[in-house]
Amino acid sequence: MILEETKILRVNPDLSGEDDIKKLAFAADVLKKGGLVAFPTETVYGLGANALDEKAVKSIFTAKGRAQDNPLIVHLASASDMNKYAKVDMCEKAQLLMAQMPAPLTVVMPKRSNIPECVTAGLDSVAQRVPQNVVARKLIELSSVPVAAPSANISGKPSPTTAEHVICDMMGKADVIIDGGMCNVGLESTVVSLCKQVPLLLRPGGFTYERLCEILGEVEISQAVLSQLKEGQKPESPGMKYKHYAPDAKVMLVKGKKENVSKLLLEKYLEGNTGIICYDGDIEIYDEKIITVGTRSDNSTYAEKMFDALRKMDKIQGVQCIFALLPEDTKGISLAIYNRMLRAAAFCVIDADEYFKKGE
Ligand code: AMP
Ligand code: MG
């Protein structure tokens, strides 16, 4: 840290407050001087440092307890800056994606030599994105530096989607925490690599796979998106191999027909010591141990509330196990929900249809 203690700065999400720009200018100055600033984005809160300042970047890894071989995403104020740090011309499809920005979308391209090795964990590619969130973009613009930023949580824990989550994990570790309200996508950006001829989806997120295909044509999905890496298998993206998004309580996922899923969740709830994450109306009981995440027909609410729900469960006395349902398919945002929840649950899934068949 470069400040003596963590400063929390509240700003309006649309920066309409009288002092909002002044507060961001203060935070931008901290970034320029090598400090750490946590800031809201549309995906999750980020923990940022000047990407060109090695010492500052290294302090991100220390604050989070992040493995050194897990590279960081560089956040920029404008897509036109991407060419400064990546060899955009080597990537045929880069212009098509850059035209979509700002967006919850990270693009991996061959790096230029000005990006320090600690940002890319020694890889010859760099991940870059332009956030949609106006607070994030203004902060980066005012700092006039590229901002390397992973999620502002302790590594392995659910990502932070509110300033309270960040305060919980980063008090005394970040110089500044900017509170700009809730993150509306609620899960991390889509990561796509343009390093090979066919674009490769490394991590699903708010920018859906279907939209990527509309823009780019063929897009491969990394096998690690929905399945566990095998012993000794080399991941296409270093972050894939780490335990992620896990609350302290054990998480189990439930899939199957609506009636069977609801029946199984109710059964588990009645066993006690169990938290439930389900859609509105699945269990008609009011209890803080039952957290609802919107409706089956619109999983954007599930995405938005997912990490908050996992963190809330850890705060409820007596919850040792969390049973959470999975969306009915992996279309749209649901692919990202599957990807995160499978990791939170260490790939532990119960098929409710099979469960009741066996019991007959
Ligand atoms: P986080 O910042 O924690 O949301 O994670 C960033 C994700 O982007 C991790 O899964 C990284 O492995 C991935 N990533 C960052 N840079 C690269 C890169 N150059 N090549 C492949 N994956 C990357
Ligand atoms: Mg993260």
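The values are calculated or read from the model by the stated rules, or taken from the named source; none is laboratory data. In this text, all values refer to a predicted model and were calculated from it rather than measured experimentally. Please note: Cβ atoms are built from the backbone with ideal geometry, for glycine as well, and neighbour counts cover all protein chains shown. The accessibility values were calculated without ligands, DNA or RNA, using every heavy atom of the protein model including side chains. Shrake-Rupley method; radii C 1.70, N 1.55, O 1.52, S 1.80 Å.
Given H placed 1.01 Å from N in the peptide plane, which residues other than close sequence neighbours of Val251 have an amide H under 5 Å from its amide H?
Ile322
Give the residue list of trypsin sites (Lys or Arg not before Pro) in the range 312-360 that are DSSP loop and have at most 15 other beta-carbon atoms within 10 angstrom. Could the numbers behind the result be given before it?
Numbers: sites: Lys312, Lys315, Lys331, Arg340, Arg343, Lys357, Lys358; in loops: Lys331.
Counting only loop positions with at most 15 other Cβ atoms within 10 Å, the trypsin sites (Lys or Arg not before Pro) in the range 312-360 are Lys331.
Would the range 5-45 count as rounded, prolate or oblate if I go by the C-alpha gyration tensor, calling it rounded below 1.5 in a/c and otherwise prolate when a/b exceeds b/c, oblate otherwise? Please list the in-between numbers first.
Values: a/c = 1.91, a/b = 1.24, b/c = 1.54.
Here the range 5-45 falls in the oblate category.
Rounded to the nearest 10 degrees, what's the angle between the helix 300-315 long axis and the longest principal axis of the chain, both from Cα atoms, 0 to 90?
Once rounded, one gets 80 degrees.
In whole Hz, with x marking every Gly and Pro, tabulate ³J(HN,Hα) for the range 188-195 from phi via Karplus 6.51 cos²θ - 1.76 cosθ + 1.60, θ = phi - 60°.
Once θ is set to phi - 60°, the couplings for the range 188-195 become 4, 4, 5, 10, 10, 9, 10, 6 Hz.
Is there a pair in Lys87/Lys234; Lys258/Lys305; Lys111/Lys138; Lys32/Lys234; Lys64/Lys138; Lys32/Lys173 whose C-alpha atoms are over 29 Å apart, and which pairs would that be? Don't skip to the answer; put the middle values down first.
On the way: Lys87/Lys234 25 Å; Lys258/Lys305 20 Å; Lys111/Lys138 25 Å; Lys32/Lys234 36 Å; Lys64/Lys138 24 Å; Lys32/Lys173 17 Å.
Going by Cα-Cα distance, Lys32/Lys234 fall outside the 29 Å limit.
Which of Thr120, Thr330, Thr190 moves the most in a Gaussian network model of the chain with Cα springs under 10 Å?
It is Thr330.
What is the range 83-155's relative contact order, in percent, from Cα pairs under 8 angstrom and six or more apart in sequence? Walk me through the intermediate numbers first.
Details: 68 pairs, mean separation 21.8, N = 73.
That works out to 30 percent.
Rank Pro102, Pro238, Pro71 by mean-square fluctuation in a GNM of the chain with C-alpha springs under 10 angstrom and give only the top-ranked residue.
Highest fluctuation of the listed residues: Pro238.
Against the longest alpha carbon principal axis of the chain, how many degrees, from 0 to 90 and to the nearest 10, is the axis of helix 54-64 turned?
20
Output the Kirkwood hydrodynamic radius of the range 1-115, Cα pairs only, in Å rounded to one decimal. Could the numbers behind the result be given before it?
Values: mean 1/r = 0.0626 Å⁻¹.
Here the Kirkwood hydrodynamic radius works out to 16.0 Å.
Measuring with a 1.4 Å probe in the full set of protein chains, what accessible area per residue, in whole Å², belongs to the range 134-193?
Details: 1580 Å² over 60 residues.
Here the residues of the range 134-193 average 26 Å² of exposed surface.
Per residue, what accessible area does the range 1-87 have, given a 1.4 Å probe and all protein chains present, in Å²?
Values: 3890 Å² over 87 residues.
Averaged over the residues of the range 1-87, the accessible area is 45 Å².
Probe radius 1.4 Å, ligands and nucleic acids ignored: give me the carbon and sulfur share of the accessible area of the chain as a rounded percent. Before the final figure, lay out each step's value.
Details: 7690 of 15780 Å².
Here it works out to 49 percent.
Would you pull out the residues with amide H under 5 Å of Ile221's amide H, same chain only if 5 or more places away, H placed 1.01 Å from N?
Sorted by chain and number, the residues that satisfy this are Leu201.
Which value results when the Cα radius of gyration for the chain is divided by 2.2 N^0.38 Å?
Working: Rg = 20.4 Å, N = 360, 2.2 N^0.38 = 20.6 Å.
Against the compact-globule rule of thumb, the ratio is 0.99.
Can you work out the Karplus-derived ³J(HN,Hα) for every residue in the range 268-282? Use 6.51 cos²θ - 1.76 cosθ + 1.60 with θ = phi - 60°, whole Hz, and x for glycine or proline.
Using θ = phi - 60°, the values come out as 5, 4, 5, 5, x, 6, 10, x, 10, 10, 8, 7, 3, x, 5 Hz.
If you add up the charges near Val108, with Lys and Arg at +1 and Asp and Glu at -1, over every other residue whose beta carbon is less than 11 angstrom from its beta carbon, what do you get?
+2
At 1.4 Å probe size, what's the solvent-accessible area of Val261? Round to the nearest 10 Å².
For Val261, solvent-accessible area is about 10 Å².
Find the relative contact order for the chain and round it to a whole percent, using C-alpha pairs within less than 8 Å whose residues are 6+ positions apart.
Working: 781 pairs, mean separation 67.3, N = 360.
Relative contact order, the chain: 19 percent.
Which of Gln317, Gln68, Gln132 ends up with the largest GNM mean-square fluctuation for the chain, with Cα atoms connected below 10 Å?
Sorting by GNM fluctuation, first place goes to Gln317.
So who's got an amide H within less than 5 Å of the one on Leu9, skipping anything under 5 residues away but keeping other chains? H placed 1.01 Å off N, in plane.
Ile177, Ile178, Asp179
Name the aspartates and glutamates eligible as straight-distance cross-link partners of Lys55: C-alpha to C-alpha under 13 Å, and not fewer than 8 places from it in the same chain.
Glu117
Could you put Ser16, Ser143, Ser113 in order of accessible surface area, largest first, with the 1.4 Å probe and the full protein assembly present? Walk me through the numbers before you get to the answer.
Values: Ser16 85, Ser143 0, Ser113 115 Å².
Output order, biggest surface exposure first: Ser113, Ser16, Ser143.
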